[in-house]
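Have a look at the structure below before the remarks.
The values are calculated or read from the model by the stated rules, or taken from the named source; none is laboratory data. Remember, predicted model here, so these are calculated numbers, not experimental data. Note that each Cβ is placed from the backbone with ideal geometry, even for glycine, and that neighbours are counted across all protein chains shown.
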Amino acid sequence: MRKLLMLLLITVSVNAAQLGINEHQGAMVPLDLTFINEKGEKVTLEKLMDGKPTMITLNYFRCAGICGPQLADMAKMLSKLDLAENTDYKVLTISFAENETPDLASAKRQAYLHSMTRPFVQDAWHFLISDNNSSAILADKVGFTYKKEVSKAGVVDYVHPGALIMLSPKGKVTRYLNGIGQLPFDVKMAVIEAGEGKVGPTIAKKLLFCFAYDPKGKTYIFKWEKVVGALMTLIMIAFFIYLIKTSKRKEDNHQEKGEN
């Protein structure tokens with residue numbers, strides 16, 4: 001019975017770790033990874049970063065969930081950031097979806113740059129798609145996990161977290177800023193620390209996840225089946241603990257009767 005309980009707990013832990021951010025602070029990201037930029041050009045991560053501390057977001061451009069609010073907040077935050085873009089830092093928004101195009105990346109980039117409240121050096125913020133599975137490799141290196149889901153209608157979505165990940169000029173993961181809203185001061189400190197290669201604690205532990213989108217109701221769908229599944233798992237764990245305690249109590253009673 002105890003072995004069965006341990007197996008169940010391990011399974012629950014593994015499933016819980018499949019999505020979200022498994023922090024790899026201090027890990028090195030290969031700078032020779034190549035991506036496709038908005039012009040359809042293949043370019044290395046090293047060239048994109050240009051020896052600057054770099055903030056990275058992992059999204060997908062057709063996302064109807066948190067990606068839009070996250071990138072809109074990024075544009076707003078970068079408009080207020082008290083640092084010189086393209087001199088003090090770079091920004092990379094990288095799609096992990098399998099079938100997105102440079103044209104889509106370009107359209108998204110122009111939309112968010114246009115939304116900014118001050119002139120912004122366009123070369124400081126690039127929108128990229130994967131080349132030879134580079135996005136998945138990068139996501140693995142920084143501990144960003146996501147899951148592809150296909151609806152009955154054939155619509156592809158990804159369940160994924162929202163976070164801003166800082167890299168030092170040499171590609172070291174220095175800090176995670178979780179969530180979709182970042183304060184300019186927090187980002188400024190993270191950029192300065194990344195420039196020095198200092199690894200810092202995670203800012204804002206609360207992680208938000210991308211929800212499914214209902215185009216008819218124009219709302220985000222809260223997936224009750226996942227909540228019910230989690231509750232059922234907890235009930236099963238509680239039940240197994242109860243059985244173990246009951247079994248142990250019966251064994252103790254039998255031992256006491258035997259001694260008497």
Criterion (within 26 Å of N86 (Cα to Cα) and modelled with pLDDT under 95) met by exactly one of G154, G181, G195 = G181
ask   = Given K90, K147, which one is touching a residue at least 12 places away in the same chain (Cβ under 8 Å), touching a strand residue (DSSP E or B) at 6+ places or on another chain (Cβ under 6 Å), over 17 Å from E41 (Cα atoms) and buried (at least 16 other Cβ atoms within 10 Å of the Cβ)?
value = K90
ask   = Any residue at all in the stretch 59-66 that is in a strand (DSSP E or B), within 28 Å of F185 (Cα to Cα) and not β-branched (V, I, T)?
value = yes
key: Filter result (hydrophobic (A, V, I, L, M, F, W, C) and either within 13 Å of K52 (Cβ to Cβ) or assigned to a helix (DSSP H, G or I) (or both)) within the stretch 175-202   = F185, V187, M189, A190, V191, I192, A194
request  = Being among the polar types (S, T, N, Q) and more than 24 Å from Y146 (Cβ to Cβ) narrows it down to one of S95, S106, S79, so name that one.
outcome  = S79
message = Please determine whether any residue of the stretch 167-174 is closer than 18 Å to N86 by Cα and in a strand (DSSP E or B).
response = yes
query = Is there any pair linking a residue in the stretch 70-81 that is in contact (Cβ under 8 Å) with a residue 40 or more places away in the chain and under 10 Å from S115 (Cβ atoms) to one that is buried (at least 17 other Cβ atoms within 10 Å of the Cβ) and basic (K, R), with Cβ under 8 Å and at least six apart or on different chains, and which?
reply = L71/K108
ask   = Does G200 count as within 19 Å of the chain's Cα centre (by Cα), over 23 Å from A72 (Cβ atoms) and at pLDDT below 90?
value = yes
